[in-house]
Amino acid sequence: MNPIFEKGGKLYWLHSTVDAFETFLHVPGTVTLKGSHVRDAIDLKRILILVVFAAVPAALFGMWNVGYQHSLAMGVSGVNLWSNFWFGFLKVLPLFVVSYVVGLAIEFAACQIRGEEVSEGYLVSGFFIPLIVPVDIPLWMLAIAVAFAVIFGKEVFGGTGMNIWNPALLTRAFLFFAYPNYMSGSNCWIAFNKGETPVADAFTGATPLALDGASAQYGTSFWDLFLGTVPGSVGETSTIAILLGAVLLIWTGIASWKIMVGSVAGALAIAGLAQLTGVSDIPCYMHLVMGGFAFGTVFMATDPVTSCQTETGKWIYGLLIGMLCVIVRLFNPGYAEGMMLAILLCNTLAPLIDHCVVNVHNSRKAKKFKVA
């Protein structure tokens, strides 16, 4: 049936859509023949599916944790692995459905209008979006936010590889500023079935970052935060699950370890300085396991499209993200979590950072030639 969808065929206007499904199911036979391209066995599909695989541990743990937090809020003692996971799976699944249906529909439509091939870029963004939002976010709000992020954050710039900001983070930013009551507080982080009433003594729905006072912060131990048995966005709570993904991304060379290390170093530097000067009595290392820092550092900051391309620029970019994240956390009482804003701001600055790095490098080379 391929000729029908090729140029001159009756259904050529559906060529982009048919080609997307065909190349998703089969490896395309096209190869690079000329031009300044890197010849390698890996292609965009393999890169993106590996990123999704890297985020699977965080997603699976997040589903279980959704059920676990629900059980705690209902006063149920004990750890029932299967029932908690099944409850969380049923709560998170609609988020994935809305994310992919809305996002891919817009992506397919945009490619049809432009007459281009449908790229696989949204496979990653669509997987990340449900992991960085509260589990009880209304689905219609999520649909509007996804549509905004894909249209104005991606398609208007030309699609995959051309966007300035990370689409998944842009979705979260839209939700935070358009519907702040559903993105903060104690109620949005715990999922309930209709008609359920939590046990008052057992219900502690606030995330560690939202708790008032340092003493409250210490109520959640480092190991609880590292393991991830705390309220929060679906995929952001478990640092250990996120680190498993980081190992895969670094081992395959898909994500830059320099950005990750730079982000951690920047956060520790500002948090340590704040601790030494008495601005904050939270141990500096606690910032690494609180909120969305780990998930943002591993999966969002390392996005190859929106991050820096130069090696020196990656260090600067990572350091700025870590520093800005902690600065926002410490000095903005209205927004306890600073990772989203830090990454989006550095996405904006990434081209400027690369430009400055290249200019400095060229200036040094020019001086060497003059001396010679």
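Using mean Cβ contacts within 10 Å as the protection proxy, how do 290-296, 351-357, 141-147, 130-136 order, highest first?
290-296, 130-136, 141-147, 351-357
Given 20 °C and 1.002 mPa s, compute D for region 242-285 with the Stokes-Einstein relation, Rh being the Kirkwood radius over Cα pairs; round to the nearest whole µm²/s.
The calculation lands on 182 µm²/s.
Normalise the Cα radius of gyration of region 49-118 by 2.2 N^0.38 Å (N = residues in it) and let me know the number.
Dividing the Cα radius of gyration by 2.2 N^0.38 Å gives 1.55.
Quick check: Cα centre of region 220-272 to Cα centre of region 338-372, how many Å?
Region 220-272 and region 338-372 have Cα centres separated by 26 Å.
A short reminder: the numbers here are calculations on the coordinates, not readings from a lab. What you see is a predicted model; the values in this text were computed from it and never measured. Using ideal geometry, Cβ is built from the backbone for each residue, glycine included, and neighbour counts are taken over all protein chains shown.
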